[in-house]
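This report refers to the structure that appears directly beneath it.
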Amino acid sequence: MTFPFLAILHMVIMTAEFLLGTTVNGFLIIVNFYDLAKSRKLLILQILLICTGLSRLGLQMMLMTQSFFSVFFPFAYEENIYGSKMMFIWMFFSSIGLWFATCLSVFYCLKISGFTKPWFLWLKFRISKLIFWLLLGSLMASLGTATVSIEVGFPLIEDGYVLRYTELNISDVKVMKNNDLLLVNLTLLLPFMVFVKCTCLLFISLYKHTYRMQGGSQKPSNARTEAHINALKTVVTFFCFFVSYFAAFMANMTFRIPYRSHQFFVVKEVMAAYPAGHSVIIILSNSKFKDIFRRMICLKKKE
């Protein structure tokens with residue numbers, strides 16, 4: 001079997017993203033689990049980061065598995081990747097990763113923003129109790145999205161890459177229009193809209209606070225402003241990764257991209273950049289995580 005240059009390059013990129021993703025997400029899970037066990041209390045941020053890291057590890061493994069089979073075992077990929085079990089796992093991790101990251105942005109917004117609206121203060125003072133319901137709701141929404149996805153099935157194109165080599169019996173597989181599956185996946189717009197709202201609130205809060213500091217005797221680079229900037233780095237970067245991931249995910253779910261084509265590989269690479277890239281930003285924007293990570297990989301200079 002010969003492997004074209006694009007397939008080899010794709011595996012190199014995917015392997016690098018997979019190693020980076022598993023390293024940073026594994027780091028977040030271990031560090032925050034240690035903090036949780038050490039404190040013996042329910043720390044909301046640590047729980048959010050653990051849930052986010054676990055969901056991204058699952059998504060990263062699914063993407064790596066898909067790429068591995070598409071390059072080395074194309075026939076096995078076509079015969080198995082569209083089965084109910086694989087579709088359920090794929091849709092579950094795709095959905096829950098976005099929901100958990102949205103919960104994280106909600107937490108940042110409520111904890112850092114300085115709004116005094118009654119409804120905002122009500123949420124701010126109850127976030128510790130509400131966050132567990134948000135996580136549970138995210139889990140249920142992801143399970144529902146995955147279940148509906150396998151119930152509606154997936155499109156089969158007789159002259160496309162799905163049925164070109166496969167021996168699947170068409171009469172035994174649900175056939176559907178592309179629009180039906182895309183409509184199911186549009187439910188992921190809900191966490192996206194919540195995230196956009198939180199991003200806007202953080203921007204407004206940062207602008208108002210900076211304006212007040214510039215008008216007074218205080219320097220704008222105080223702890224509160226730095227907290228805003230760190231949160232905004234995380235949120236804005238996640239916004240960029242989210243948009244690119246969502247666009248690539250929707251393009252992938254049209255089932256119209258030629259199999260093993262350049263576009264096919266690029267879509268997978270863009271999706272794999274999301275679970276790795278955003279976790280890197282979380283580490284870099286947190287001085288504690290950054291210091292531990294540097295010591296772990298022996299990058300911190302000895303004093």
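Before moving on, here are some points about what is shown:
- K300 vs. criteria at pLDDT below 70, within 30 Å of T15 (Cα to Cα) and open to solvent by 60 Å² or more (accessible area, probe 1.4 Å): yes
- Pick from the range 177-213, criterion in contact with a Pro (Cβ under 6 Å, 6 or more places away or on another chain) and of a type outside the set (V, I, T), ranking: modelled with the lowest pLDDT: N178
- Residue within the range 42-52 that is closer than 18 Å to L143 by Cβ and among the β-branched types (V, I, T) present: yes
- M91 being on the phi < 0 side of the Ramachandran plot, under 18 Å from the mean Cα position of the chain (by Cα) and surrounded by fewer than 19 Cβ atoms within 10 Å (Cβ to Cβ): no
- From the list S70, S138, S113, the one residue that fits, being under 15 Å from P191 (Cα atoms), surrounded by 20 or more Cβ atoms within 10 Å (Cβ to Cβ) and small (G, A, S), is S138.
- Residue pairs meeting the criteria (Cβ under 9 Å; at least 6 apart or on separate chains; first within 26 Å of S149 (Cβ to Cβ) and modelled with pLDDT of 80 or more, in the range 233-255; second of a type in the set (D, E) and open to solvent by less than 40 Å² (accessible area, probe 1.4 Å)): A248/E269
- Filter result for V266 (at pLDDT 85 or above and open to solvent by 20 Å² or more (accessible area, probe 1.4 Å)): yes
- The range 7-61: number of residues that are in a helix (DSSP H, G or I) and open to solvent by 70 Å² or more (accessible area, probe 1.4 Å): 11
- Residues of the range 245-263 satisfying the condition of being among the small types (G, A, S) and open to solvent by less than 40 Å² (accessible area, probe 1.4 Å): A248, A251, S261
The values are calculated or read from the model by the stated rules, or taken from the named source; none is laboratory data. Please read these numbers as outputs of a predicted model, since none were measured by experiment. Virtual Cβ from ideal backbone geometry, glycine too; neighbours counted across all protein chains shown. When the accessible area is computed, the model is the full protein with side chains, heavy atoms only, and any ligands, DNA or RNA have been set aside. Shrake-Rupley method; radii C 1.70, N 1.55, O 1.52, S 1.80 Å.
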